[in-house]
Amino acid sequence: MTRKIGLWAGIGSLLRILRGKPKIPPSLADNLLLQTILNRRSIRSFTSRVIPDDIFAAVLEAGRLAPSTVNLQSWAFAVFDADLWQQTFGQSIPFHGNRAVIIMADTYRDRQVLDAFPHSPLVEYTIAVINASLAAMNMNIAAEALGVSSVMLSETGRSGLLDARYLKEKLGLPDGVIPLMTIVFGYARGPYPPMPPKLPEEQVFFKGQYRFPDLETMESWLSQMIAGYKASHLNSSFEKQLAIYQGKIGQAEADLHAMIFHRDHRP
Ligand SMILES: Cc1cc2nc3c(=O)[nH]c(=O)nc-3n(C[C@H](O)[C@H](O)[C@H](O)COP(=O)(O)O)c2cc1C
């Protein structure tokens with residue numbers, strides 16, 4: 001995909017991004033939880049301030065207590081401080097975050113005592129991904145509520161789904177435990193960036209029958225994505241970032257296929 005947008009169109013797109021704000025009904029404007037959820041941003045620059053242990057423990061607890069299908073809790077969390085990350089991966093936590101958690105869909109643990117989905121690895125995998133992702137979001141919101149910022153990473157720093165095989169080796173994971181993403185935590189350096197272009201209500205909500213996308217709105221959104229990326233990543237572009245994903249996807253697809261469909265019952 002190569003797509004060029006002109007200077008004026010690019011400026012127009014940036015202005016639209018800057019005008020984007022969460023819509024909070026005035027009657028709920030002072031609801032702190034709503035503010036926390038709606039003002040959250042993915043943060044990619046952190047100070048060196050250390051996250052206190054009790055705060056990080058509360059973030060982890062929010063993950064452990066998340067909802068899950070039939071309470072199966074089909075997730076596992078690899079927990080890191082900066083030293084352990086350095087020791088494990090030979091580099092700093094991405095964006096110099098202070099703590100990190102690798103979120104995994106775990107279809108292995110429960111199976112030791114309960115084979116809930118004996119003939120349905122895809123359903124089992126999908127359920128585990130849903131559950132682990134909800135736990136991840138619980139951690140993310142708990143962190144925000146405690147003044148700690150975060151970013152979820154599936155690619156940056158070999159930290160997620162696209163490097164599942166690498167993480168499997170580094171962390172000694174059995175088949176059926178699939179790394180999905182790393183959440184990097186820390187205190188944000190500077191103010192939060194503007195909200196990236198979110199799709200308008202009418203593109204994502206429907207009542208009754210599925211509403212097919214409006215192409216003009218989708219084109220405008222894509223232009224904003226490209227312009228926003230260019231403005232915030234001086235040495236990269238949306239297209240370069242997509243190309244990085246695309247370059248890794250073939251291997252990742254094969255690795256994930258092996259990890260999901262090879263049902264390993266013992267360590
Ligand atoms: C599962 C998942 C994986 C992501 N992977 C990356 C990543 O590898 N690198 C990155 O910079 N951001 C990553 N992000 C952050 C998204 O880019 C970000 O959520 C999106 O642009 C919307 O911005 P917002 O979170 O500030 O609303 C990821 C987010 C999610 C939910």
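General observations
- Over the chain: helical MRE at 222 nm, DSSP H runs n ≥ 4 each giving -39500 (n - 2.57), nearest 500: -14500 deg cm²/dmol
- Cβ crowding within 10 Å averaged over residues, with 88-99, 196-207 ranked highest first: 88-99, 196-207
- In terms of packing, defined here as the mean over residues of other Cβ atoms within 10 angstrom, the peptides 177-189, 231-243, 134-146, 63-75 line up highest first as 177-189, 134-146, 63-75, 231-243.
- Cα→Cβ-extended label distance, 7 Å offset, between residue 225 and residue 166, nm: 2.3
- Shape of the range 171-226, Cα gyration tensor, a/c cut at 1.5: oblate
- Computed about its Cα centre, the charge dipole of the range 124-183 is approximately 120 debye, with only Lys, Arg, Asp and Glu carrying charge at their Cβ.
- Bridging of residue 240 to lysines at a Cα separation below 26 Å is possible for 4, 198, 230, 248, once same-chain residues fewer than 8 apart are set aside.
- Where only alpha carbons of the range 103-202 are counted, the Rg and the Dmax (Å): 16.3, 50
- Area projected by the alpha carbon convex hull of the chain, averaged over all directions, nm²: 17.2
- Rounded Å value of the spacing that divides the Cα centres of the range 95-137 and the range 22-62: 24
Since every read-out is calculated from the coordinates, none of them should be taken as a lab result. As the structure is a computational prediction, the values presented were derived from the model and not from experiment. Using ideal geometry, Cβ is built from the backbone for each residue, glycine included, and neighbour counts are taken over all protein chains shown.
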